[in-house]
1. Report the semi-axes of the equivalent ellipsoid for the range A:64-128 in whole Å, largest first, where each axis is √(5λ) for an eigenvalue λ of the Cα gyration tensor.
2. Could you work out the mean count of beta carbons from other protein chains within 10 Å of each residue's beta carbon in A:35-48?
3. Please find the FRET efficiency linking residue B:32 to residue A:2, where r is the Cβ-Cβ separation and R0 is fixed at 35 Å, and quote it to the nearest 0.05.
4. Output the relative contact order of chain A, whole-number percent, from Cα pairs under 8 angstrom with separation of 6+ residues.
5. Would you calculate a helix-derived [θ] at 222 nm for chain B, using -39,500 (n - 2.57) for each DSSP H run of n ≥ 4 and dividing by the full residue count, to the nearest 500?
6. Using only the Cα atoms, work out Rg/Rh for the protein assembly as shown, with Rh taken as the Kirkwood radius, to two decimals.
7. Using just the C-alpha positions of chain B as equal point scatterers, what log10 of I(q)/I(0) does the Debye formula give at each q in 0.13, 0.17, 0.21 1/Å?
8. So how tilted is helix A:25-61 from the main axis of chain A? Cα-based, degrees 0 to 90, rounded to 10.
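Please treat every number below as a calculation from the coordinates, not as lab data. A quick note: this is a predicted structure, and the numbers were derived from the prediction, not measured. Here the Cβ positions follow ideal geometry from the backbone for every residue, glycine too, while neighbour counts run over all protein chains shown.
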């Protein structure tokens, strides 16, 4: 019953953050970072097993590992960027959070360029 | 896993301790030392948090094959 653990950690962390934040706001932010990391690490193990299943399915369907690797990288970037942006926004730094999201979008775009080029080449081949 | 939960309690404990020490030092008229205590607490907690974050990034890298 991992969900019980997750909810328990979340509730304990919330109460402690509320207690600490009134006195020391900076430690409250760090506490919320730690709570987020712990919950993320709890779920990351499950994500990796899901990834293994997806990889196996892709291998069976004959999809090139280049494309799947790109998609996995994009998902990873999105997860990490979302995590950082949420923490910045929680601490009241919306501007930094927006910049993190912008950087993540640019990096995802860079990763997606080979796929876009492949699609365009396929289109050009189809159109005589 | 267990040590991770410990980290939440340790940080909360340091937060409460720093708050109390700060109040006492302020009452005794030693504002500068109160600031130093705050800074020391922040530095200690920061070390732990940075280690945990490095651990997280490593794991995400290995799961999603990032670079």
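1. Details: eigenvalues 214, 32, 7 Å².
Its equivalent ellipsoid spans semi-axes of 33, 13, 6 Å.
2. Details: counts 5, 1, 9, 7, 1, 3, 7, 2, 0, 6, 3, 0, 4, 5.
Mean partner shielding for this stretch: 4.
3. Working: r = 47 Å, r/R0 = 1.35.
After rounding, the FRET efficiency stands at 0.15.
4. Values: 57 pairs, mean separation 22.0, N = 128.
In percent, rounded to a whole number, it is 17.
5. On the way: 2 runs with 60 residues, N = 67.
About -32500 deg cm²/dmol.
6. On the way: Rg = 21.9 Å, Rh = 19.5 Å.
With Rg and the Kirkwood Rh in hand, the quotient comes to 1.12.
7. The computed values of log10 I(q)/I(0) come out as -0.50, -0.69, -0.85.
8. 30 degrees
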